[in-house]
Amino acid sequence: MFKTENLIKIVKFGVYLAMLTPLIYIPQTIFGAVFGKMIYFQIVIELTLPFFLYLFIFHKGLRPKLDWLTKIILLFFVAFFLSSLLGVDWDRSFWGYPSRMRGIFSLLHCLALYFYIITCFKEEKDKKNLLLFVVFVGLAVAVWGIIERLNPEFSIDRVAEKGSTGHRIISTTGNPIFLAGYMIFICFLSLCYFLKYKDYTRWVGLIVCALSILIIFFTGTRGALLGLGAGVFALLFYLFILSAKKQKIIIFGVTSAIIALIIMVFVLDIGILKKNKYWDFSRITDISLTNADGSTSGRLMLWQTALTVSKEKPVLGWGLENFDYGFDRFYNPQFLRNGVNETFADRAHNWFLDWLVMGGIVGLLFYLLIFIYLGAKLFKKENCTKTNAALIGLFAGFLGHSFFAVDSPSVTLMLFFSLAVCYLIFNRNQELGIRNQELGNQKGWFVVLIIPVLFSVYFYNIKPLYAGIDFINFKHTNNLEEKKDFAEKFLDDKLIYIDHFRLHFANEIFFQAGESENAEYIKWGYDKAIQGMEEASKGHPDDFSYLHTLGNLYLRKGEIFSDSEYYNQAVGAYKKALELSPKRQATMFQLSTGYLFSGQTGEAVKLLEEAVFLDDKIGQSHWRLGVALLADGKKQEAYNSFKNSIKLSFFGKIENEMKRTANLCIEYEDYKCAAILYKELNANPETADFYVLLSEAYTEIGDYGGANDCMTRAVELGD
């Protein structure tokens, strides 16, 4: 077992298992396509680690050359280690969190994969077999995507709308953006395999390349399509430089044809090319900065916010995985225009801005330096080959895509794999060296190496994985005693992601516990959730989300148990949350509710006037202000505020509030607004006089069918 050749085989086997990660999906645990995927990857890397270290330490001849690419990558890690150490939340930076899994701990596993590959895959046959294996994994992911396209119910996402040609496939990745980014790597690596090897297996590369392009289109991811275009043009440019005159004419012709197709789709807007019964690419083609949809305008605001955040800590940044701390502090009130979901962000949807915010200028420079070095090396004479054109396309495509995307496990994994491929190309004259040396006299060291690895596998991987499984079981069981048992398991104080599980538990209690009729369970749930959020807030005093959630819990508990003391505690939590995110209207809304419940109507009015001032284009701000003004006895001002809300197409969400507002509108003889509100409610008072007035209102707004129906109903009631 301790022969050099055996150790190398074990490390290679570990690499092959690790490269299966994009296919892994564990639905039984939380964030199965991200958390489950990375837990699998980390376990494989860690179980391989003692064999690699044993080989690395006791067989110096196998150690890879520390070239400039590797040095820059290591400096990148040093930069982000320092950034995180000096950042706002070291614990978050090191461990990350389950929905992203890109803390220092996870990235170190990717770095380990890089070293495994550059150490043990130096021979040509090993490189070929590994690359072909990766291509086949990509093929499997693509086939899953094709099946999902043909039958959307096959999707692992049970929430998204299914059944149309516009369905955005996700395959095993959990998100269209994640799948598109992964497929960019598969596309160009498959092409690289096709160009490099001349046996019959090369055609697999060409087929997978074509299929991956189709998958990118079916994801409906605009940034990925732009990235793919950047990659294709970079590849053609590289080939143009390398080619003879006749080949340059062909390349020029292909480039011209692609440009013509782009013009037909984007400029001339030829409908059949972007939408027909077989596909719908209108989401990709209908891009406008002057008339941006919610997604586009939200991204642009997010980028502006990220730039503002970066100026606060320009050199070393906020620390890895701490983007949301800066986002909360410099929150732009206009985010609410696109819905409450847009008011929370842990990424800039732009890798470069993410690195700038989290690692500062230093971190971003080392990140960019990796690609600058790659470009310089690939354009050197000894590396200028048609095979490497695919790598130029790959990195251009990835950088183009990452300008509009968030990171994901599969993409991060493929990035480090591709960097290792480049290392092997730049250092292709290295050989594995001595093979069958017996290292048995150092067996004692193997025990020393494997004990901490087994500790890490259990406490940092298996235990969190089972906590995620317990959380899913907690969500789906209807047995209240089982719910308690599962919660006690995943709310283990020693769990590395304990505060994130506390947050998920708190949200589940907030949204679901009220549905239970068991008062004892409700009290247990709220007490447990509040305790968890208080502990999380102590451990992360600058985290807005914990305090906001704590306020929600106190507010809801006060409603359920009719205890004003809980309202006061909710007010305290919301005030602290607003100190961390002063312009967050969602928190202002909740705090104003706490004020109203505790009889502080004046404070509620003052706070909501500030919310309106922050952005008077948010209908909900006007509505909430109207509710507070009405509670304060200011009917005329309340009516004006409600009217502003209705003009902005916000009609309230609580039935009693909507009815009360409709009656207020009738009191001020504004039957048009009353008609709109009752139409939204689909509920009208059963009086003939009201239906006569409502008929007039419908006539005024041009709804003659509604007017006729109301008059008919008035006649019926009059009889």
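The values are calculated or read from the model by the stated rules, or taken from the named source; none is laboratory data. Here the structure is a predicted model, which is why all the values come from computation and not from measurement. Backbone-built Cβ (ideal geometry, glycine too); neighbour counts: all protein chains shown.
In table form, for the structure just shown:
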read-out: Residue within region 649-656 that is assigned to a helix (DSSP H, G or I) and crowded, with 18+ Cβ neighbours inside 10 Å present; value: no
read-out: Boolean, residue 559 is modelled with pLDDT under 95 and part of a helix (DSSP H, G or I); value: yes
read-out: Residue match in region 83-103 (condition: exposed (fewer than 15 other Cβ atoms within 10 Å of the Cβ), not in a loop (DSSP other than H, G, I, E, B) and not charged (D, E, K, R)); value: yes
read-out: Single unsatisfied condition, residue 636 versus (1) over 25 Å from residue 659 (Cβ atoms); (2) surrounded by fewer than 23 Cβ atoms within 10 Å (Cβ to Cβ); value: (1)
read-out: Verdict on residue 202 being touching a helix residue (DSSP H, G or I) at 6+ places or on another chain (Cβ under 8 Å), assigned by TED's automatic domain parsing to the domain that holds residue 169 and free of Cβ contacts under 8 Å to residues at least 60 places away in the same chain; value: yes
read-out: Hits in region 648-678 - residues which are out of contact with any Leu (no Cβ under 8 Å at 6 or more places or on another chain) and in contact (Cβ under 8 Å) with a residue 12 or more places away in the chain; value: 648, 649, 650, 657, 667, 668, 670, 672, 673, 676, 677
read-out: Any pair with Cβ under 8 angstrom, 6 or more apart, that starts in region 344-367 at a residue that is buried (at least 22 other Cβ atoms within 10 Å of the Cβ) and ends at one that is of a type in the set (Lys, Arg); value: 354/347; 360/313
read-out: Among (1) touching a residue at least 40 places away in the same chain (Cβ under 8 Å); (2) among the hydroxyl-bearing types (Ser, Thr, Tyr); (3) surrounded by 24 or more Cβ atoms within 10 Å (Cβ to Cβ) - the single one residue 581 does not satisfy; value: (3)
read-out: Test: residue in region 213-234 that is surrounded by 17 or more Cβ atoms within 10 Å (Cβ to Cβ), at pLDDT below 95 and more than 35 Å from the chain's Cα centre (by Cα); value: no
read-out: Criterion: in contact (Cβ under 8 Å) with a residue 24 or more places away in the chain, surrounded by fewer than 23 Cβ atoms within 10 Å (Cβ to Cβ) and in a helix (DSSP H, G or I) - qualifying residue of 602, 572, 594; value: 602
read-out: Any hit, region 393-406, residues being of a type in the set (Gly, Ala, Ser), assigned to a helix (DSSP H, G or I) and more than 27 Å from residue 124 (Cβ to Cβ); value: yes
read-out: Meets criteria (hydrophobic (A, V, I, L, M, F, W, C), buried (at least 17 other Cβ atoms within 10 Å of the Cβ), in contact (Cβ under 8 Å) with a residue 12 or more places away in the chain and within 30 Å of residue 546 (Cβ to Cβ)) for residue 72; value: no
read-out: Unique match (being within 22 Å of residue 74 (Cα to Cα), of a type outside the set (Ser, Thr, Tyr) and part of a loop (DSSP other than H, G, I, E, B)) among 359, 363, 319, 375; value: 319
read-out: Residue ID - nearest to residue 101 (Cα to Cα), chosen from residues in region 409-449 that are of a type in the set (Gly, Ala, Ser) and at pLDDT below 95; value: 444
read-out: Flag for residue 253 being under 25 Å from residue 378 (Cα atoms), in contact with a Gly (Cβ under 6 Å, 6 or more places away or on another chain) and part of a helix (DSSP H, G or I); value: no
read-out: Restricting region 12-63 to residues that are in a helix (DSSP H, G or I) and among the basic types (Lys, Arg), the residue that is surrounded by the fewest Cβ atoms within 10 Å (Cβ to Cβ); value: 60
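Residues are listed down the side, and each one gets a yes or a no for (1) more than 14 Å from residue 413 (Cβ to Cβ); (2) in the same structural domain as residue 37 (by TED's automatic domain parsing); (3) free of Cβ contacts under 8 Å to residues at least 24 places away in the same chain; (4) hydrophobic (A, V, I, L, M, F, W, C):
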{"position": "93", "(1), (2), (3), (4)": "yes, yes, no, no"}
{"position": "98", "(1), (2), (3), (4)": "yes, yes, no, no"}
{"position": "112", "(1), (2), (3), (4)": "no, yes, no, yes"}
{"position": "118", "(1), (2), (3), (4)": "yes, yes, no, yes"}
{"position": "122", "(1), (2), (3), (4)": "yes, yes, no, no"}
